[in-house]
Amino acid sequence: MTTVRTPADWPVTEEEARAVQDALRARVVLDEPGPPPGTGHVTGVDVAYDDERDVVAAAAVVLDAASLDVVAEATAVGRISFPYVPGLLAFREIPTVLAALAALPCEPGLVVCDGYGLAHPRRFGLASHLGVLTGLPTIGVAKNPFTFTHDEPDTPRGSTAPLLAGREEVGRALRTRDGVKPVFVSVGHRVSLDNACAHTLALAPAYRLPETTRRADALCRRALGEVS
DNA sequence: GCGACAG
DNA sequence: ATCTTGTCGC
């Protein structure tokens, strides 16, 4: 497991962080379909915190997209680099996530984030931010609709409903299990929304959440427990 | 101005 | 995110 330090130029105030988002947003690529589902590698990233001890642990878990078998894992720990502020989640998670990704022995392929990409107050959530910094194709799969609205998708697995910011579709509510609360998918970088939903469905054959996030969640919790 | 709000 | 046991159901 690698240890990271918060970058010296990391934003300190909310105003600075929002300025970074406004500056980087233009670098998001939205006109690529992204890798086809079921091929190559798919990597889940997630982060766990111990605010008391000021520790954050990140995990990156690479799966074979066809079999969903684990191909590789890496973890990183560091100090909490930003407080939790809705809309600024990326500044809390990214330094440690980047370190975990860098520690992988193989290519990550598509990266699945726990949170949002385009579905964000300034259209630049965690998944978009991570995509721009790494150049990798990324998507966001969140457990809650944040501030956005949506109609209820139909009952069967695979049903979707637009996730709306006013009249703009910023993502999709996607049901991954019959009759169970949907997950909220949005584009990060270099992946289309249709493809992001197809990947999410392929990664969630048995549980509500994609295997990528389930594996990454379990690993970062374990890593946090080993240090604090 | 107040509350809500990914993790 | 995190604090937290048992419990209902397939």
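The values are calculated or read from the model by the stated rules, or taken from the named source; none is laboratory data. Everything quoted here is computed from the prediction, not taken from an experiment. We place every Cβ from the backbone using ideal geometry, glycine too, and count neighbours over all the protein chains shown.
Some points to look at:
- The residue pairs whose first member lies in the range A:168-181 and is under 19 Å from A:LEU193 (Cα atoms) and polar (S, T, N, Q), whose second member is assigned to a strand (DSSP E or B) and at pLDDT 95 or above, and whose beta carbons are closer than 9 Å, counting only pairs six or more residues apart or on different chains, are A:THR176/A:VAL183.
- Complete set of residues in the range A:153-177 that are of a type in the set (D, E, K, R) and either assigned to a loop (DSSP other than H, G, I, E, B) or surrounded by fewer than 22 Cβ atoms within 10 Å (Cβ to Cβ) (or both): A:ASP154, A:ARG157, A:ARG167, A:GLU168, A:GLU169, A:ARG175, A:ARG177
- Filter result (at pLDDT 95 or above and over 19 Å from A:ALA103 (Cα atoms)) within the range A:53-68: A:ALA65, A:ALA66, A:SER67, A:LEU68
- When the range A:103-124 is filtered for residues that are surrounded by fewer than 21 Cβ atoms within 10 Å (Cβ to Cβ) and either near DNA strand B (Cβ under 8 Å from one of its atoms) or within 17 Å of A:TRP10 (Cβ to Cβ) (or both), only A:PRO121 remains.
- First in the range A:132-152 and in contact (Cβ under 8 Å) with a residue 12 or more places away in the chain, second anywhere and within 14 Å of DNA strand C (Cβ to nearest atom) and outside any strand (DSSP E or B), Cβ under 7 Å, 6 or more apart: A:GLY140/A:GLY115; A:GLY140/A:TYR116; A:GLY140/A:LEU126; A:VAL141/A:PRO210; A:VAL141/A:THR213; A:ALA142/A:GLY115; A:ALA142/A:TYR116; A:PHE146/A:TYR116
- Answer residue from the range A:208-228, given it is more than 12 Å from DNA strand C (Cβ to nearest atom) and outside any helix (DSSP H, G or I) and is surrounded by the most Cβ atoms within 10 Å (Cβ to Cβ) among those: A:PRO210
- Residues in the range A:29-54 that are within 13 Å of DNA strand B (Cβ to nearest atom) and closer than 28 Å to A:ALA72 by Cβ were compared, and the one that is surrounded by the fewest Cβ atoms within 10 Å (Cβ to Cβ) is A:ASP50.
- Residues within the range A:115-162 that are of a type in the set (Gly, Ala, Ser) and touching a Cys at 6+ places or on another chain (Cβ under 7 Å), tallied: 2
Table: residues versus (1) under 25 Å from A:VAL71 (Cβ atoms); (2) within 16 Å of DNA strand C (Cβ to nearest atom); (3) at pLDDT below 95; (4) not β-branched (Val, Ile, Thr).
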{"site": "A:LEU98", "(1), (2), (3), (4)": "yes, no, no, yes"}
{"site": "A:CYS106", "(1), (2), (3), (4)": "yes, no, no, yes"}
{"site": "A:TYR116", "(1), (2), (3), (4)": "no, yes, no, yes"}
{"site": "A:HIS120", "(1), (2), (3), (4)": "no, no, no, yes"}
{"site": "A:ARG123", "(1), (2), (3), (4)": "no, no, no, yes"}
{"site": "A:LEU126", "(1), (2), (3), (4)": "yes, yes, no, yes"}
{"site": "A:GLY135", "(1), (2), (3), (4)": "yes, no, no, yes"}
{"site": "A:SER159", "(1), (2), (3), (4)": "no, no, no, yes"}
{"site": "A:GLY171", "(1), (2), (3), (4)": "no, no, no, yes"}
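- Restricting attention to the range A:71-88, the residues being of a type in the set (Ser, Thr, Tyr) and within 14 Å of DNA strand C (Cβ to nearest atom) number 2.
- Against the list (1) touching a residue at least 24 places away in the same chain (Cβ under 8 Å); (2) out of contact with any helix residue (DSSP H, G or I) (no Cβ under 6 Å at 6 or more places or on another chain), the condition A:VAL12 fails is (1).
- Of everything in the range A:137-152 that is away from DNA strand C (no atom under 16 Å from the Cβ) and part of a strand (DSSP E or B), the residue that is modelled with the lowest pLDDT is A:THR149.
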